[in-house]
Amino acid sequence: MAPDPTPVTEPFPISHIAGRYLLFDINAISHARRHHNICGVLIGTLPNLSQQNVFLGIPLELMPEEARVLVERGHAYIVDDVRAHRKGCLEMSRDERLKYLREMDRQGLEFAKGVREKAEERAERALREKGLVGRRGKEESEAPQESADAEGVSTSNSLLDSTPSTSPSVAVPEKKLEPHFITPTTSYPPLSPPSTDAALPLPSVPKSYPLFRYLNSRGYFAMPGLRFGCNYSVYPGDPLRFHSHFLATGLDWDEEFELLDIVGGGRLGTGVKKAYLIGGEDPEATPAEEEEQDGASAKPVRAFSIEWAGF
Amino acid sequence: MTRPGLLKPAVQPSPLQSLVADSNLLSKQSHLPSLHSLALQLQHNLQYQHSWTDLHVHTHSPVTNEPLPRPLLSGLPPQRLYIHPDEQIELLKNADRERKARKAGDKDTLEVKAEPEREWVLPTRLSEKWTLHRLADVFNGISKIPPEHASSGAEEERAVNPWRTKKRVVLATVDTDSTVVYYIVHDGVVKPRQN
């Protein structure tokens, strides 16, 4: 595994906006995935042009279960982002605002410079591959010699015959570099990160939460299970590297279910080389040793894996 | 109009019907007769349709000796019913090693040897509703491997499979038209087979 590019200080904030739990910081996203088996779903797309594909960007939407696991274990806290923004932006002084804008301009200019350098590099490499010129940028002073070179080669290249004026002696005046406009994905800075005192209470979660917590604590990754008609599709490692193992459905301990659901889930799971997993919290049992990190409040979870018997 | 008792009934009861109605088998008072007859019906199905052997009805837990939530069956399928994916890898490796060890002239096939294992069977009806609680109670009452019976003493020295680390039952669900489906239920998170 590659080393962490930028370490994230825990607990990191989770933005709660319009009932969704969102992560905007790319470092926090990779941190949660790397260290806490939390994938979430990237939902960043064009407004009104949402599409189902794998090329969506930030923000990352967390299921309430994922947000709750992170908060319960002390890795994150929930922030009412609307309030934090309104408060932070209104309290910002003029000096700070100008400083921030200047900083954005500086970053934009740097970015634009980087883009131009990359483009020049690419052009140079392409020319060199064709054997046309060496270092283009350096040779603006030695233009006559270079143009001779270029003509010498172009005789063998019918494409360039019509355009012998590739000579850079007609040097285009260097365009003034326009700074790129940068849209930062997070607002900290300029705002100071919201304090953990103002954190919102634990997210409310569906009844399948105990099963989610149990699987997460055992190192499994969970993704939404809609595609397979269950609560979660559960992966034994990062979903980019593994096929999922289980179609998991969380139930209450005394909740009645139809045997037809078991048969259907088991048959579907076996058909796609997975097992159907049902599980829930046993309210009568005493906490088992494997649950110690969740504190005493968490009851042990019991799960059953179902597969077709094959006869 | 009364019929003399000597007269044959218009329709002979099927063997299954007479088996299920056999008062000797139903005489045990530990469970409801409907649950007993369900177990017998599945025993019949396993024995005659799927060629299982060594079938027994269990009314009491071999672990605690308490009555089980319902009568369970145990039996020996004709082939191995379940191979854990990790065990499968090992079996394939062994088979490959043996094939290489054989002389070139012999048949060049991969022979995977997996001895059949005794299984628990949980009889259910499709119309029933279950809960995690009831399922857990069934698992609490059973042992990892069904107990050997005196009648099958000849095969007592069968080695214990080291891969069988979690309890499992075969969930047999029977519909009103007597169709039976069989599913393997493991107690715990067990990774799926890669068929």
Tally of residues being in a loop (DSSP other than H, G, I, E, B) and open to solvent by 20 Å² or more (accessible area, probe 1.4 Å) across region A:214-229: 4
In region B:172-195, residue most open to solvent (accessible area, probe 1.4 Å) [restricted to those that are more than 7 Å from every other protein chain (Cβ to nearest Cβ) and assigned to a strand (DSSP E or B)]: B:Val180
Qualifying residues in region A:240-272 (those that are assigned to a helix (DSSP H, G or I) and within 9 Å of chain B (Cβ to nearest Cβ)) - the one surrounded by the fewest Cβ atoms within 10 Å (Cβ to Cβ): A:Leu260
Enumeration of residues in region B:70-87 that are out of contact with any Phe, Trp or Tyr (no Cβ under 7 Å at 6 or more places or on another chain) and in a strand (DSSP E or B): B:Arg70, B:Pro71, B:Leu73
The listed residue being in a strand (DSSP E or B), among the charged types (D, E, K, R) and at negative phi, out of A:Glu103, A:Glu61, A:Glu121: A:Glu61
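The values are calculated or read from the model by the stated rules, or taken from the named source; none is laboratory data. Here the structure is a predicted model, which means the values were calculated and not measured. When we count neighbours, we look across all protein chains shown, and the Cβ atoms used for this are built from the backbone with ideal geometry, even at glycine. Remember, those area values only see protein heavy atoms, side chains included, never the ligands or the DNA or RNA. Shrake-Rupley method; radii C 1.70, N 1.55, O 1.52, S 1.80 Å.
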